[in-house]
Structures are given as C-alpha cells and as structure tokens.
Amino acid sequence: MNDFIYEMATSLSAYGNAADYNLPLSYCKKLCYSGDMLASASFENSYPEYVNPADRTNNSWNRNPEFIEILYSVLSEQDNTTQTYTHPDATTFTAIPQGKPVSLVFPCN
C-alpha cells in the first residue's frame with residue numbers, strides 16, 4: 001500500500017506543480033489517504049488512531065499524532081476550512097487548506 005500511496009502522491013504533486021502549487025510530497029501523501037483509504041486496514045495498521053489501542057478509553061494522551069495530522073489535513077482540504085485538534089495538554093494541531101476553493105475561476109475539472 002505504501003508504494004501505491006507514494007505513486008498517487010507523486011502524481012498529485014506533479015499535478016499541483018503544474019497548477020502553481022508548491023506543496024511538499026509529505027503533504028500530498030497525507031491527502032492520498034482521503035475517503036475510503038482512511039478506513040483501510042493498511043492505513044489503520046500504519047497510522048493507528050491510538051498509540052496503544054488497548055488503552056484507548058482510559059488515556060486521552062494516547063492519540064497518535066500522525067493519525068491526527070493526516071485526518072485533519074484531509075478534512076481541511078475537503079471542507080476548505082481550517083481544522084484544529086486540541087490535545088489533552090491544550091497544545092493544538094492546526095491544518096489550513098492549501099488548495100483554492102472551487103469557483104468559476106477555479107473549476108473542479
């Protein structure tokens with residue numbers, strides 16, 4: 001699955017570069033996990049929601065930061081809004097959409 005994600009991210013990056021985006025490949029890789037990919041066994045094995053799945057209910061500090069980054073980056077682009085996750089220690093991760101919203105000037109085609 002990692003090879004597939006890498007290939008998709010490379011294609012997305014090339015498409016973005018042609019459209020005057022300058023996004024790192026790591027960001028493009030995050031976006032490739034959108035939709036059903038977030039529910040795939042491969043994603044869940046690579047980026048489990050909890051660092052220790054056995055302690056998911058008793059330990060809110062247990063959230064996997066990579067999972068949060070991917071999920072919130074995808075949500076920010078999908079909804080074209082800034083998404084913020086607040087960790088239990090009150091630190092935050094903020095994902096800001098990098099794309100241009102669909103409009104007459106920037107059609108989705």
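The values are calculated or read from the model by the stated rules, or taken from the named source; none is laboratory data. The shown structure was predicted, so the numbers you read here are calculated from the model rather than taken from an experiment. Counting neighbours? That spans all protein chains shown, and the Cβs are built from the backbone with ideal geometry, glycine included.
The table for this structure:
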item	result
Lone qualifier among T86, T82 - being farther than 23 Å from P101 by Cβ and free of Cβ contacts under 8 Å to residues at least 24 places away in the same chain	T86
Per-region count, the stretch 39-96, residues touching a Lys or Arg at 6+ places or on another chain (Cβ under 6 Å) and closer than 18 Å to N2 by Cα	1
Scope the stretch 82-109; condition modelled with pLDDT of 90 or more and surrounded by 13 or more Cβ atoms within 10 Å (Cβ to Cβ); matching residues	Q83, Y85, F93, A95, P97, Q98
